[in-house]
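Here is the structure we will look at.
What follows draws every value from the coordinates through simple rules; no lab data is involved. Worth saying up front: this structure is predicted, and the values here are computed from it rather than measured. FYI the Cβ positions are ideal-geometry reconstructions off the backbone, even for glycines, and counts take in every protein chain you see.
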Amino acid sequence: MVNLDKKILTDIKTYCELNSLNDVDSFINKCIKDGFTLDKWGVGPFLPKSQIQEVPVEKIVTKEVIVEIPIEKEIIVEKVITKEVKDEELIIELENLKREIEVKNLTIQEQNNKIEQLEDVLEHFKTLTVNRRTEYLRSSNLKDTYLD
């Protein structure tokens with residue numbers, strides 16, 4: 001009734017010989033029955049009803065609670081208070097310090113300009129080195145030397 005391929009039949013027979021199984025037909029019936037059961041019911045535990053036990057499941061419930069906490073924030077306000085100073089030495093020292101700050105700000109600005117110029121030169125050299133790539137033909141042999 002069932003037509004099996006010759007290759008499958010020979011494989012089953014050699015398996016039965018290697019495992020010392022004498023009744024090949026009952027082995028084939030068992031394999032067909034097991035395969036049909038798997039196909040029909042799927043893969044799962046086939047335990048007798050006496051071995052099936054109910055397992056209690058513990059559920060962990062997490063709740064997210066949002067609580068608003070008022071935060072006190074310090075606000076710092078800077079106020080400029082002008083006061084006339086009558087001490088001339090302090091006024092002269094203040095003016096000297098202002099001039100020093102101006103001179104230092106000028107030197108900082110000059111150095112920033114130099115840095116920008118040098119970065120432009122560096123970018124120029126970077127573009128030159130990146131674009132200097134050689135392309136060879138696929139058929140060229142780089143180990144050969146060129147003779148005139």
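Figure the gain on full extension for GLU78 and LYS98 (residue separation times 0.36 nm, minus the Cα-Cα span) and round it to one decimal in nm.
5.1 nm
What ranking do 26-39, 102-115 get when scored by the average of other Cβ atoms within 10 Å per residue, highest first?
26-39, 102-115
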